[in-house]
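The values are calculated or read from the model by the stated rules, or taken from the named source; none is laboratory data. Small disclaimer: the values here were computed from a predicted structure and weren't measured. A quick note on method: Cβ atoms are made from the backbone with ideal geometry, for glycine too, and the neighbour counts reach across all protein chains shown.
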Amino acid sequence: MQFTQIKETCLYVSDLERSRAYYQDRLGLELISFVEGSHVFFRAGTSVLLCFLPEVSRAKQSPPPHYAAGKQHIAFEAPAEQYDTLLRAIQEQGIDVYHHEVWARGARSFYFDDPDGHVLEVVETGMWDPF
């Protein structure tokens, strides 16, 4: 089997409107869908971020039920030449960037939390390129 990418990823949130405001207004992701009481979806490059209320998605029969709890993690990818600008823009939004990492191959990343305490990361393009 050969897959081309992970097309979508899910976070489970407690307040859809707060998540919509954070990801759309503060991080600048394109809103795809907002269904009150169910979910909010965003575009991030060629991938999609799905934010669900866990109690709603847990009770569904189609698509199959799914849910999670606790500090989930996702990473956004940004071109290396835009990394510093993006870091400043996030900090200017009043978002606390609490960790910076330089990985073994030299790629950088930084970490911050969303309103539900999920761990978000921004990584430089190429971080996971084949060795």
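Pairing residues of the range 13-26 that are in a helix (DSSP H, G or I) with residues that are charged (D, E, K, R) and surrounded by fewer than 15 Cβ atoms within 10 Å (Cβ to Cβ), at Cβ distances under 9 Å and at least 6 apart in sequence or on separate chains, gives Leu16/Glu36; Glu17/Glu36; Gln24/Glu30. Could you check the range 66-95 and list, in sequence order, the residues that are within 17 Å of Ser14 (Cα to Cα), part of a loop (DSSP other than H, G, I, E, B) and not basic (Lys, Arg)? Passing the criteria: His66, Tyr67, Ala68, Ala69, Gly70, Gln72.
Residue by residue through the range 96-131, note down the ones that are in a strand (DSSP E or B) and in contact with a Pro (Cβ under 8 Å, 6 or more places away or on another chain).
To start, the set of residues in the range 96-131 that are in a strand (DSSP E or B) comprises 99-102, 108-113, 119-124.
Matches in the range 96-131: Glu124 only.
Of the residues making up the range 39-67, those that are under 18 Å from the mean Cα position of the chain (by Cα) and more than 20 Å from Gly117 (Cβ to Cβ) are Phe41, Arg43, Gly45, Thr46, Ser47, Val48.
Select, from Ile32, Ile6, Ile90, the only residue that is modelled with pLDDT of 95 or more, among the hydrophobic types (A, V, I, L, M, F, W, C) and closer than 25 Å to Met127 by Cα.
On the way: Ile32 fails: closer than 25 Å to Met127 by Cα; Ile6 fails: modelled with pLDDT of 95 or more.
Going through Ile32, Ile6, Ile90 in turn, just one is modelled with pLDDT of 95 or more, among the hydrophobic types (A, V, I, L, M, F, W, C) and closer than 25 Å to Met127 by Cα: Ile90.
Residues in the range 94-131 that are at pLDDT 95 or above and surrounded by fewer than 13 Cβ atoms within 10 Å (Cβ to Cβ): Gly94, Asp96, Tyr98, His99, His100, Glu101, Val102, Gly117. Regarding the range 45-59, can at least one residue be identified that is in a loop (DSSP other than H, G, I, E, B), more than 24 Å from Asp25 (Cα to Cα), among the small types (Gly, Ala, Ser) and modelled with pLDDT under 95? Scanning the range 45-59, I find no residue that is in a loop (DSSP other than H, G, I, E, B), more than 24 Å from Asp25 (Cα to Cα), among the small types (Gly, Ala, Ser) and modelled with pLDDT under 95, so the answer is no. Take the conditions (1) of a type in the set (A, V, I, L, M, F, W, C); (2) assigned by TED's automatic domain parsing to the domain that holds Leu16; (3) within 16 Å of the chain's Cα centre (by Cα); Phe112 misses just one of them, which is (2).
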